[in-house]
Amino acid sequence: MTVDLRTRYLGLDLRSPIVASASPLTGEPASARLLEQAGAAAIVLPSLFEEEVVFEEVEINRSLEAGTNSFAEALDYFPNIQSFAGAGDRYLARLRQIKAQSAVPVIASLNATSTGGWVRYAKLMEDAGADALELNLYHVAANPARSAADVEAADLALIAAVRSSVSIPLAVKLSPYYSSMANVARHVIDAGADGLVLFNRFYQPDLDLDTLEVVARLDLSQPWELRLPLRWIAILRPELGPDASLAATSGIGSATDVVKALMVGADVAMMTSAILRHGPDKIRTVEASLRTWMAENEYESVSQLRGSASSTAVEDPSAFERANYMRTLRSWSAPRDLTPA
Ligand SMILES: Cc1cc2nc3c(=O)[nH]c(=O)nc-3n(C[C@H](O)[C@H](O)[C@H](O)COP(=O)(O)O)c2cc1C
């Protein structure tokens, strides 16, 4: 039995649901080529960061006002400022190169925390040939003076600003930390996003007890991390309807992970950690296993799989919501006798 892996994501026709999400490998032409050769159905470039672009603007203003020290304070704010110089241009050049060599859609990514003139980079990415744009919203709501409503309103204003500056499809990569996720998801789509990428993975800083420094730690994901996007995609798929695209990202490393993501309602399953651990060829083996699994389980196509286990399709929709909590806690059993010896 041959299986049809084709899917649609952000209005783009993809040969399979396996997409290479943003990582250092997707941003270099040589490794992007390997990802495509291994079967990646689309490639999401790493993000161009707001800080990088804003720094460039500070630099331009500084050169215009050469001789004054008016920007000294602003420059102190940015770490590694030299490495930011020309970041925007370098990004656009790599995007053009990767687009020129790729037969699969190339999605550019913009990391943002606020609206501002730098949003013009969305348009520059479109002009450089991006097939779609992923807006990566990454911020920690640490200011007690800002309410959840303020934070959400700012995010929606940013999405609307980016939406109005480009005509290519727009996906928004969201954090899982909104207090009313389903409401935010709805508003993000209403603000003009064509789809959601669930979820952005937050990297938690650690403390080095020798130096007493706060250190950045980047751990690759573990398989259990897929459960968070699974739950939310299951809940959101019926809410958002068939036109909104949904991408699952976090913890996807096997064909069965891809099957789960599709079954709850994702259009694509994105991989980064698995590729960084095992190399680009991991995509090929996951695709082969996906074909085998689907044939053995008599699924002819991805469209047949998609949404077959979303919250309205399963027997017990509450399993994705509250009731699960109590049952899960009660299901724990001690691995050994805990009575003190
Ligand atoms: C080294 C590294 C770099 C990443 N860079 C970006 C980035 O620039 N923009 C972005 O949106 N996500 C970035 N991510 C997040 C991934 O795209 C992905 O969403 C996340 O790792 C979860 O997927 P996974 O479990 O398959 O790794 C990065 C992840 C890693 C490990």
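The values are calculated or read from the model by the stated rules, or taken from the named source; none is laboratory data. In this text the structure is predicted, and so the values were computed from the model without any measurement. Cβ atoms come from the backbone with ideal geometry, glycine included; neighbour counts cover every protein chain shown. Heavy atoms of the whole protein, side chains included, go into the accessibility calculation; ligands, DNA and RNA do not. Shrake-Rupley method; radii C 1.70, N 1.55, O 1.52, S 1.80 Å.
By how many nm would the segment from residue 101 to residue 308 lengthen if fully extended, with 0.36 nm per residue of separation less the alpha-carbon distance? List each step's numbers first, then the result.
On the way: separation 207, 0.36 × 207 = 74.52 nm, distance 3.60 nm.
So the chain would gain 70.9 nm between residue 101 and residue 308.
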Open item on the list: As a test, work out the antiparallel percent of DSSP beta bridges whose residues both lie in the stretch 195-341, rounded to the nearest 5.
Closed with: 30
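Taking a probe of 1.4 Å, how large is the accessible area per residue of the stretch 76-189, in Å²?
For the stretch 76-189, the solvent-accessible area averages 44 Å² per residue.
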TODO: With all protein chains present, calculate the accessible area of residue 337 using a 1.4 Å probe and round the result to the nearest 10 Å².
DONE: 120
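Which FRET efficiency, nearest 0.05, do residue 127 and residue 220 yield, Cβ-Cβ r, R0 35 Å?
Working: r = 34 Å, r/R0 = 0.97.
It comes out at approximately 0.55.
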TODO: Mind telling me which of 168, 43, 252 comes out most flexible in a GNM of the chain, alpha-carbon contacts under 10 Å?
DONE: 168
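Counting alpha carbon pairs within less than 8 Å and at least 6 residues apart, what relative contact order, in whole percent, applies to the chain? Mind showing how you got there, number by number?
Details: 589 pairs, mean separation 62.5, N = 341.
Across the chain, relative contact order equals 18 percent.
Using 0.36 nm times the number of residues separating residue 93 and residue 228, minus their current alpha carbon distance, what extension gain do you get?
Working: separation 135, 0.36 × 135 = 48.60 nm, distance 3.53 nm.
That pair, residue 93 and residue 228, stretches by 45.1 nm at full extension.
Placing unit charges on C-beta atoms (Lys and Arg positive, Asp and Glu negative, everything else neutral), compute the dipole magnitude of the chain about its Cα centre in debye, rounded to 20. Walk me through the numbers on the way to the answer.
Values: 30 positive and 42 negative charges, 178 e Å.
About 860 debye.
Report the Rg/Rh value for the chain, based on alpha-carbon coordinates and the Kirkwood definition of Rh.
Details: Rg = 21.5 Å, Rh = 21.5 Å.
Across the chain, the Cα-based Rg/Rh ratio is 1.00.
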Open item on the list: Suppose each label sits 7 Å from its Cα in the direction of the beta carbon; what would the residue 33-residue 321 distance come out to in nanometres?
Closed with: 5.2
Open item on the list: Among 278, 139, 187, which one shows the highest mean-square fluctuation when the chain is modelled as a Gaussian network with alpha-carbon springs under 10 Å?
Closed with: 278
- [ ] Could you tell me what percent of the DSSP beta bridges with both partners in the chain are antiparallel, to the nearest 5?
- [x] 15
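Would you mind calculating the gained length between residue 338 and residue 285 on full extension (0.36 nm times residue separation, minus the Cα-Cα distance), in nm to one decimal? Intermediate results must be reported in sequence, preceding the final value.
Working: separation 53, 0.36 × 53 = 19.08 nm, distance 4.27 nm.
Here the answer is 14.8 nm.
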Task: Choice from 125, 181, 270 with maximal GNM fluctuation in the chain (Cα, 10 Å cutoff) - done: 181
